[in-house]
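Visitor: Before anything else, here's the structure in question.
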Amino acid sequence: MISPGRLWWLFRRDLKRGWAATYHDYITLPLIREWSGHDFPKASWNVPVHVLTGRNDWQLAAWMLASWFEFSGAAWPVFIHDDGAIPEEGRAIFHKLFPSVCIISRKEADEKMDILLRPFPHCHSYRNEHALSLKIFDFTMLTPGERFLVFDSDILFFQRPHELLDVIASGAEGCWFNEDVAEGALITAAEARDKLGFEIWPRVNSGLGFVNKSAIDLNLCEQALAQTSILKGHIWCIEQTLYMLCAARFGKGGLLPRRYEVSLEKDAARDAVCRHYVGAVRNRFYAEGLKRLRDQLLPSAHARRPQGEASANPSPLP
């Protein structure tokens, strides 16, 4: 039973974010259960998708993966890393939508990573303190093969990701990421040169990435955590900074085109391949993203639109 305090918080949140976000959160978001991607052929390249998710965003992750399958035109190996809070319903839905999915429980991951990170005490300590660390350590150490995709739950694809698929198909070594709206690294260029001996990559956002496993150097991560100012910055940006440092020293790859969008605007660009709905614009995931994708991924949902919705809330996107 929801407490009166929780109900009041939800009421204030929904009032603030508006009708569109509230409607698509409560009504459209759960409809992902009806999506069917079982007819997609297996991806030509055995490159797994790794996603970290939990209680509050597993349905977002399901929409993200469905949009990736739809617009890439293939079924990819999927590894779901449980932050320790995915409900049983979420696990069941992932298995229903993506039959070959591998869900790695937090308990299983902790047991494995406790051994693997034992030689790296600063990495081990950071992993024990913040779930986002699983994105770099667990994704890298528990992935099969040499290359893998990193997707955050709050990304949606809107058209075929030609550039990303071309990089994957080329077999190129390196790391590719979103371009962030601003510099988010927790280390300056000068500190990287002085303490680590190389130049950083600017404006790396690790919400979407294609990573070469060889680039992720635990010795470098350990050195950076021990000798630089990274741990003094915002804990939400540590994993992203470590990804950037490893990629920069590896020296191959770069940033994806800006059509792989990270922005604080109300609406995505008309030519956006995808959009990463970072925290400041998370409500647009529902109000813009789900509204835009609903009829493409779930044609049957058209019949359940509330009367007058189309005219009352015209989408600015085709």
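The values are calculated or read from the model by the stated rules, or taken from the named source; none is laboratory data. Keep in mind that this is a model prediction, so the values were computed, not measured. Neighbour counts are summed over all protein chains in view; Cβ atoms, including those assigned to glycine, are modelled from backbone coordinates with ideal geometry.
Visitor: Which one of the conditions (1) of a type outside the set (Ser, Thr, Tyr); (2) surrounded by fewer than 22 Cβ atoms within 10 Å (Cβ to Cβ); (3) at negative phi does ASP138 fail to meet, given that it meets all the rest?
Guide: Here ASP138 clears every test but (2).
Visitor: Further question on the same structure: Looking at (1) surrounded by fewer than 16 Cβ atoms within 10 Å (Cβ to Cβ); (2) assigned to a helix (DSSP H, G or I); (3) of a type in the set (D, E, K, R); (4) in contact (Cβ under 8 Å) with a residue 12 or more places away in the chain, find the lone condition where ARG55 falls short.
Guide: Only one criterion in (1) surrounded by fewer than 16 Cβ atoms within 10 Å (Cβ to Cβ); (2) assigned to a helix (DSSP H, G or I); (3) of a type in the set (D, E, K, R); (4) in contact (Cβ under 8 Å) with a residue 12 or more places away in the chain is unmet by ARG55, namely (2).
Visitor: Sort out which residues of segment 176-222 are surrounded by 15 or more Cβ atoms within 10 Å (Cβ to Cβ), among the aliphatic types (A, V, I, L, M) and either free of Cβ contacts under 8 Å to residues at least 12 places away in the same chain or part of a strand (DSSP E or B) (or both), and write them in order of number.
Guide: VAL204, LEU208, VAL211 - these are the residues of segment 176-222 that are surrounded by 15 or more Cβ atoms within 10 Å (Cβ to Cβ), among the aliphatic types (A, V, I, L, M) and either free of Cβ contacts under 8 Å to residues at least 12 places away in the same chain or part of a strand (DSSP E or B) (or both).
Visitor: Let me ask something else. If you check ALA268, ALA287, ALA303, ALA312, which single one turns out to be at pLDDT below 95 and within 26 Å of PHE69 (Cα to Cα)? Break it down stepwise before answering.
Guide: Details: ALA268 fails: at pLDDT below 95; ALA287 fails: at pLDDT below 95; ALA312 fails: within 26 Å of PHE69 (Cα to Cα).
Testing whether each residue is at pLDDT below 95 and within 26 Å of PHE69 (Cα to Cα) leaves just ALA303.
Visitor: For ILE103, are the conditions met, namely being over 23 Å from CYS246 (Cβ atoms), of a type outside the set (S, T, N, Q), under 21 Å from the mean Cα position of the chain (by Cα) and surrounded by 14 or more Cβ atoms within 10 Å (Cβ to Cβ)? Reasoning before the result, please.
Guide: Values: over 23 Å from CYS246 (Cβ atoms): yes; of a type outside the set (S, T, N, Q): yes; under 21 Å from the mean Cα position of the chain (by Cα): yes; surrounded by 14 or more Cβ atoms within 10 Å (Cβ to Cβ): yes.
Against the criterion (over 23 Å from CYS246 (Cβ atoms), of a type outside the set (S, T, N, Q), under 21 Å from the mean Cα position of the chain (by Cα) and surrounded by 14 or more Cβ atoms within 10 Å (Cβ to Cβ)), ILE103 qualifies.
Visitor: Could you list, in sequence order, the residues of segment 104-116 that are touching a residue at least 24 places away in the same chain (Cβ under 8 Å) and within 12 Å of LEU142 (Cα to Cα)? If you could, list the steps in order and put the result at the bottom.
Guide: First pass over segment 104-116, keeping only residues touching a residue at least 24 places away in the same chain (Cβ under 8 Å): 104, 106, 109, 112-113, 116.
Across segment 104-116, the qualifying residues are ILE104, ALA109, LYS112, MET113, LEU116.
Visitor: I want to confirm something. Restricting to segment 205-221 and keeping residues that are out of contact with any strand residue (DSSP E or B) (no Cβ under 8 Å at 6 or more places or on another chain) and among the polar types (S, T, N, Q), which single residue is farthest from HIS122 (Cα to Cα)?
Guide: The first filter runs over segment 205-221 and keeps only residues out of contact with any strand residue (DSSP E or B) (no Cβ under 8 Å at 6 or more places or on another chain), leaving 214, 216-221.
Next, only the ones that are among the polar types (S, T, N, Q) stay: 214, 219.
On the way: SER214: 20, ASN219: 10 Å.
Within segment 205-221, the match that is farthest from HIS122 (Cα to Cα) is SER214.
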